[in-house]
Amino acid sequence: MKVFISYSKKNPEQVKTLQADVEVMLKSMLPKDLHEIWFDRSLHVGHEWWASICEEIRNCDLFIFALSTDSLQSNACKQEWSYAADLRKRILPVWIAGETTTPNDLAEPLRRIQYIDYRQRDIPSYQQLQDGLAHLPNPVDPPNPLPPEPPVPTSPLIEIAQQLQSKLSEGDQWVIYGKLKTHLSKPDDAKEARRLLMLLGGHDELVYALGVEINRTLTPTAPIPSRQPAPQPVTPPPAEPQPQKPPMSAVASPEPTKGRAGCSITTAAIIVGAILGLLMGGSAQSCGYDVYGYLRCETSFSASLFIVTLIFFAGVGFIVDKIWGATRGMIRKS
């Protein structure tokens, strides 16, 4: 079985996936040397290219049309499946891409054929495609004589460019303008459509009203100015006079912190108390009679004596601190 796949050049990855899956399915149904899948991968535009395409369509046993938004808009794809239909080939439409494409977008010959939705490429769609290949209708002999080959597909913009080189009636000018305006919305054709619009605008027989429309189409719309009033500058209120600071000599010196000297006295008293506490606590003796009745004394450290001495000197330092601070305050006020 020889399979021909018709597709748009804008869907190469989806078509490679479809070709690989069909290859696997046919291998499970037919011996390897009894099937062949052909789709245009290396031929270029021209008469020889189109003659090779038509020959492959005549020799194929199954014509797979890779449905997508791009393939439905392709003039070459349209001529390919139309030629296959004229040859009475078995046609299997397989939907591979395009969310906006619906069955209503198909031409009448394709609308009568059950298509396969293969966009998700999940298990149900895989099984549906496999079942479609396994239950193809019986082949039908081509008509005799064979239908003529369709002409080499050309871009509509090329046809328009050729029309612009000849005389144009008013109706022809408006028709060409409508076609070019449609192509302006297509990313692949926008640049060439804009160039042809400029050529149409410079045509010798151009209608004045059409020239105005062409200028509006080619000239980008200027932004609409805002009607809101311009913001008025805001005058800041006058700054209030700040009170001047008196000279530093007139500012009273801050009162020294009470007890700054007292803190030194208290610290010194604690240190002295700690030293005397260690000396007095370390020289404490404890005496007692032993088992033989003799009086014996031993020197040991007395923690209680150390603590009492330390607390005594700390209290004395604190009292002196308070007295010294009060005395300095009275002397400074006087």
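Side notes on the structure shown:
- Hey, LEU157 without any contact (Cβ under 8 Å) to a residue 24 or more places away in the chain, part of a helix (DSSP H, G or I) and surrounded by 14 or more Cβ atoms within 10 Å (Cβ to Cβ) or not: no
- Selection of helices (runs of 4 or more DSSP H) fully inside the range 55-127 by the criterion of at least 2 residues being in the same structural domain as MET29 (by TED's automatic domain parsing) and surrounded by 20 or more Cβ atoms within 10 Å (Cβ to Cβ) returns 75-86.
- The numbered conditions (1) farther than 30 Å from ASP61 by Cβ; (2) of a type outside the set (Ser, Thr, Tyr); (3) touching a residue at least 60 places away in the same chain (Cβ under 8 Å) are all true for PRO142 except (1).
- Qualifying residue in the range 55-65 (condition: of a type outside the set (Gly, Ala, Ser) and modelled with pLDDT under 90): no
- In the range 6-28, the qualifying residues are those that are under 18 Å from ASP61 (Cα atoms) and touching a helix residue (DSSP H, G or I) at 6+ places or on another chain (Cβ under 6 Å), and the one that is surrounded by the fewest Cβ atoms within 10 Å (Cβ to Cβ) is MET25.
The values are calculated or read from the model by the stated rules, or taken from the named source; none is laboratory data. Computed from a predicted model, the values in this text were never measured in an experiment. Please note: Cβ atoms are built from the backbone with ideal geometry, for glycine as well, and neighbour counts cover all protein chains shown.
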